[in-house]
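Computed from the coordinates by the stated procedures, all read-outs in this text should not be read as laboratory data. Owing to the predicted nature of the structure, the values given are computational and were not obtained by experimental measurement. As a convention, Cβ positions derive from the backbone with ideal geometry for all residues, glycine included, and neighbour counts pool all protein chains shown.
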Amino acid sequence: MTNKPIIKVENLVKKFGNFVANDHLNFEVYEGEIFGFLGANGAGKTTAIRILCGLSTPTSGNLNVAGFDIYKQTELIKRNIGYMSQKFSLYENLTLKENIRFYAGIYGLSSKEINKRMDNLLETLKIGDLRDKLIGSLPLGWKQKLAFSVAIFHRPRIVFLDEPTGGVDPITRRQFWDLIYQAANDGITIFVTTHYMDEAEYCDRVSIMVDGRIEALDTPAGLKKTYKVSNMDEVFLKLARAS
Amino acid sequence: MPDYSIIIQNISKSYGQVKALTDVSFQVEHSEIFGLIGPDGAGKTTLFRILTSLLIPDSGVATVEGFDVVKSYKQIRQITGYMPGRFSLYYDLTVEENLNFFATIFGTTIEENYHLIRDIYVQIEPFKKRRAGNLSGGMKQKLALSCALIHKPKVLVLDEPTTGVDAVSRKEFWEMLAKLKEQDITIIVSTPYMDEASLCDHVALIQKGKIMTIDTPAKIIEAYPDPLYKVSGPNMFNLLNQLRNFPKAKSAHRFGDSIHVAMKGDFGQAEIEDFTKEKGHEEIQVKPVNATIEDSFMALMNTNNDK
């Protein structure tokens, strides 16, 4: 992790009619950081993530993602980020190889480059024999791990993970976090949401949103100290329940 | 009254080549909260669909309050309240219209059973003229539970009611279940969240269509086979990788801000301290720790995979 901000958010406001979904958000995310973006349902997380990904325009505020302006350079932002949704997003009736070719092709990688990276990936994950298997036929645990690998296949500078481990078994969940650590180690910034509070402990820093505002932002250790509790679950309950 | 509220005997179900359930058997006592704990794809939804007569098993027998789920499907539908994993109310109807609809289908009225849903329904009653499609996640969940309860079922079947729900709403939901239990309703609930197991009277841990163990949460934890230690220090990532390759350890898993290390045989705290020192770590804290359901689940997963 460096001290160089890769996401800068100043006074982000997003309104839907009279409803304020994001109420003056201010934060920075550093390059190579694992940043946990937590909050209760309806707190405004998805709205903020959609803005950071260039899919929605803020009502006001200054935002810069991966060096690009959120108002004028959304296409450049999209090219430099990866995204994995909580809903499984690979094509079930395409093979693993076809899925990779499809996504990498969208990002404009050459066939030669795709093949090289694919060989690398399959070797690292030790799943060369799955290359021509339909994604739909693979075990669930593998699917999530592959969806992540595909999301970072074009080597984005930031990857947004929206509840990537929901419903996953406890061992696969931990293997998934190994992949996250590996990616962060390789310099990719991780922006992740989760409802598992033990996973909040795995982040370098964590922000907690309540009713459209960021109520707390610190390292997990710092948050526990501030709120005088022993785990992140209690930090979350204290903040989100107080509202 | 039969001895058990739900009896499941040797139920199997396949979808083509995929075995969703293999020889599943267990009983659920009257007015208890029974948790079916396992990840996506474990077979939880298939089992619940069989219990609610929406799916017919390939083999085996199941009864709910003495009624066979295949032969007596009409009675089954009268006595069970089912909350499917996907929100299944009518988006175009208002809160009140949805509730009225379900009450009418079962030949009852909101007034007649209002006492059952009062605690839950009062929280959404201010929005009763709002369409269900415009409710927040937490409110949808409360409406779905109210609709599943409005005909005064003897058995409530809840399929992953807390999936995708934040920690605060999850807590509130379990508080509601604890209150319902006092109304003499049997509750069978599935969840992928291991920490919710401790809120159940009995739990079954299920993986790949097979039950790995069934007992009270306390007894499952008690049965954890190995000495377990909690290890933490400044460089967690390295520490974890090294402990995973520690020959005297059986397993090492991250748990929040520490690592749970299960030791082989008679090895214990001293061996962990020596090992971490040898690897150059300082300020390492090691202490014995009680297993959690998640530790048990992972240990059982490994045992089953070895077979």
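The table that follows gives values for the structure above.
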read-out: Enumeration of residues in the stretch B:1-49 that are β-branched (Val, Ile, Thr), farther than 21 Å from B:Glu294 by Cβ and either touching a strand residue (DSSP E or B) at 6+ places or on another chain (Cβ under 6 Å) or not in a helix (DSSP H, G or I) (or both); value: B:Ile6, B:Ile7, B:Ile8, B:Ile11, B:Val18, B:Thr22, B:Val24, B:Val28, B:Thr46
read-out: Criterion (more than 13 Å from every other protein chain (Cβ to nearest Cβ), assigned to a helix (DSSP H, G or I) and farther than 30 Å from A:Met209 by Cβ) met by exactly one of B:Ile188, B:Ile211, B:Ile220; value: B:Ile220
read-out: Residue tally, condition crowded, with 17+ Cβ neighbours inside 10 Å, over 23 Å from the mean Cα position of the chain (by Cα) and in a loop (DSSP other than H, G, I, E, B), over the stretch B:57-104; value: 1
read-out: All positions within the stretch A:63-105 that are β-branched (Val, Ile, Thr) and over 16 Å from the mean Cα position of the chain (by Cα); value: A:Ile70, A:Thr74, A:Thr95, A:Ile100
read-out: Some residue of the stretch B:256-276 being within 14 Å of chain A (Cβ to nearest Cβ), acidic (Asp, Glu) and closer than 27 Å to A:Gly141 by Cα; value: yes
read-out: Meets criteria (hydroxyl-bearing (Ser, Thr, Tyr), touching a residue at least 24 places away in the same chain (Cβ under 8 Å), surrounded by fewer than 21 Cβ atoms within 10 Å (Cβ to Cβ) and within 12 Å of chain B (Cβ to nearest Cβ)) for A:Tyr181; value: yes
read-out: Selection from the stretch A:34-67 of residues that are within 14 Å of chain B (Cβ to nearest Cβ) and either outside any helix (DSSP H, G or I) or among the aromatic types (Phe, Trp, Tyr) (or both); value: A:Ile34, A:Gly36, A:Phe37, A:Leu38, A:Gly39, A:Ala40, A:Asn41, A:Gly42, A:Ala43, A:Gly44
read-out: Condition check for B:Thr292: among the hydroxyl-bearing types (Ser, Thr, Tyr), more than 13 Å from chain A (Cβ to nearest Cβ) and crowded, with 18+ Cβ neighbours inside 10 Å; value: no
read-out: Residue list for the stretch B:191-206, filter: within 14 Å of chain A (Cβ to nearest Cβ), out of contact with any Pro (no Cβ under 7 Å at 6 or more places or on another chain) and closer than 18 Å to B:Thr45 by Cβ; value: B:Thr191, B:Tyr193, B:Glu196, B:Leu205, B:Ile206
read-out: Matching option when the condition is more than 14 Å from chain A (Cβ to nearest Cβ), in a helix (DSSP H, G or I) and either among the aliphatic types (A, V, I, L, M) or crowded, with 19+ Cβ neighbours inside 10 Å (or both), among B:Leu156, B:Leu143; value: B:Leu143
read-out: Filter result (more than 26 Å from B:Leu145 (Cα to Cα) and in contact with a Lys or Arg (Cβ under 7 Å, 6 or more places away or on another chain)) within the stretch B:175-233; value: B:Gly209, B:Asp226, B:Tyr229, B:Lys230
read-out: Members of the stretch B:194-208 that are part of a strand (DSSP E or B) and more than 10 Å from the chain's Cα centre (by Cα); value: B:His202, B:Gln207
read-out: Scan of the stretch A:198-243 for residues that are surrounded by 22 or more Cβ atoms within 10 Å (Cβ to Cβ), hydrophobic (A, V, I, L, M, F, W, C) and either within 9 Å of another protein chain (Cβ to nearest Cβ) or in a strand (DSSP E or B) (or both), ordered by number; value: A:Ala200, A:Val206, A:Ile208, A:Met209, A:Ile214, A:Met232, A:Phe236, A:Ala240
read-out: In the stretch A:155-172, residue surrounded by the fewest Cβ atoms within 10 Å (Cβ to Cβ) [restricted to those that are within 10 Å of chain B (Cβ to nearest Cβ) and in contact (Cβ under 8 Å) with a residue 60 or more places away in the chain]; value: A:Glu163
read-out: Search result, residues across the stretch A:134-154 that are within 13 Å of chain B (Cβ to nearest Cβ), in contact with an Asp or Glu (Cβ under 9 Å, 6 or more places away or on another chain) and either without any contact (Cβ under 8 Å) to a residue 24 or more places away in the chain or under 12 Å from A:Tyr103 (Cα atoms) (or both); value: A:Ser137
read-out: Among (1) crowded, with 20+ Cβ neighbours inside 10 Å; (2) within 8 Å of another protein chain (Cβ to nearest Cβ); (3) in a loop (DSSP other than H, G, I, E, B), the one test that B:Thr162 misses; value: (2)
read-out: Selection status of B:Gly138, more than 14 Å from chain A (Cβ to nearest Cβ), assigned to a helix (DSSP H, G or I) and among the small types (Gly, Ala, Ser); value: no
read-out: Residue that is farthest from A:Ile180 (Cα to Cα), among those in the stretch A:17-32 that are within 14 Å of chain B (Cβ to nearest Cβ) and surrounded by 18 or more Cβ atoms within 10 Å (Cβ to Cβ); value: A:Ala21
